[in-house]
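Just below is one structure, and these are the notes that go with it.
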C-alpha cells in the first residue's frame, strides 16, 4: 500500500472520529437543554393560563380568604372587563396558610427523627451492615405517596383521633390551638405526621452522607481526649454538619410543599383557616386536584385560570426553596 493511500485512510479516519465527537457533543448539549426548556415552558404555560386571573384578582388573590366558584347556573357577568359567574371570588390565603403550616409541622417531626436516624446509621450500626441499613432507609423515599396516604387514612386517622388527640387536647389545651375539639382525625396534625414520614428518608440519607464526610481524625481525637459519644456528636460532628442539616431541611420543605395525594387523603379539604391544630385544612397542591372537576364546569374559564395561578405560586415557592437548599449543600461540599 502506497504512502498516499495510507495518508488518505488516516485522514478519513480522523475526519470520522472528529465527526463522531462533534455529533456526540451536539447530542449531549441538546439533551442538557431539555430540563431548562421544560422549566421555562412550565412558567410560560402557567403565566399564560393564569393571565386573566392575574389581571382580575391582582394581589387580592393572595390576601383574600374567600374562594367561591359562583353560581354554576347563573348568567356570566362582566367585572373589570372579565367574564365571571355571579358571586365568583378567588382568594387563597387559607391555602397558603395550610400549605406552610402542614409543611412546617412536618419538619418539626421529621428533622429530629431524620438527624438522629442518620447519626445512628453512620456512627452506631456495625460497619458490616451499615450500607444495607442505609439502603433500606433510602428506599422509603421511593414509596409512592398514595401509599403513605392510605397508611394515614387507615392507621393514623382512627388511632390518633380516638387515643392521641384527646390526650393532647387535655394535656396541652392551655396552649392556643391545642384545645378541643379534636374532630374526626382529618386535619392539620394528621397531614403533618404523614408528610413527616415522607420527608424523613430525604433528611436521613443526606445527613448520613454529611456525617460520613466528617474527618475521622477529629472524631478519634475527641474520643482520645476522653469525650463521650454524646460530647463528640455535639461538639465535633454537629458543628461540621450543621449546614448540611439546614440544607436538607429546606430540601425536605420543598418536598412537603408540593405533596398532593397523601395530603389530599388526610387533610379534610377545608375552605378556611383551621381553628386549631386538629381541624381540617387544605394545601395548594391538594386543592388543585380536589377542585379541578368543579372548575371545569365554569363556562368563563376563570375557575381553571385561578387554579393555574395557584400552580404558578406553588412552582415559584418550590423553586425558591429548592434553590436555597442546593446553595447550602454546595457550600457544605466546598
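Of the conditions (1) free of Cβ contacts under 8 Å to residues at least 40 places away in the same chain; (2) in contact with a strand residue (DSSP E or B) (Cβ under 8 Å, 6 or more places away or on another chain), residue 101 clears all except one; give me its number.
(1)
If I filter region 73-93 for residues that are closer than 30 Å to residue 204 by Cβ and part of a helix (DSSP H, G or I), do I get at least one hit?
Scanning region 73-93, I find no residue that is closer than 30 Å to residue 204 by Cβ and part of a helix (DSSP H, G or I), so the answer is no.
Could you list all residues from region 118-167 that are buried (at least 18 other Cβ atoms within 10 Å of the Cβ) and either outside the structural domain of residue 204 (by TED's automatic domain parsing) or within 16 Å of residue 277 (Cα to Cα) (or both)?
156, 157, 160, 161, 165
Here is a list: 286, 295, 270. Which entry is closer than 30 Å to residue 79 by Cβ, in contact with a helix residue (DSSP H, G or I) (Cβ under 7 Å, 6 or more places away or on another chain) and surrounded by fewer than 19 Cβ atoms within 10 Å (Cβ to Cβ)?
295
Restricting to region 105-117, what's the tally of residues that are surrounded by fewer than 19 Cβ atoms within 10 Å (Cβ to Cβ) and touching a residue at least 24 places away in the same chain (Cβ under 8 Å)?
So the answer is 3.
Go over the candidates 231, 220, 309 one by one and state the one that is assigned to a helix (DSSP H, G or I) and closer than 24 Å to residue 55 by Cβ.
Result of the check over 231, 220, 309: 309.
Residues of region 46-72 being out of contact with any helix residue (DSSP H, G or I) (no Cβ under 8 Å at 6 or more places or on another chain) and in a helix (DSSP H, G or I), which ones?
Across region 46-72, the qualifying residues are 48, 55, 60.
The values are calculated or read from the model by the stated rules, or taken from the named source; none is laboratory data. Everything quoted here is computed from the prediction, not taken from an experiment. Neighbour counts run over all protein chains shown; Cβ positions are idealised from the backbone, glycine included.
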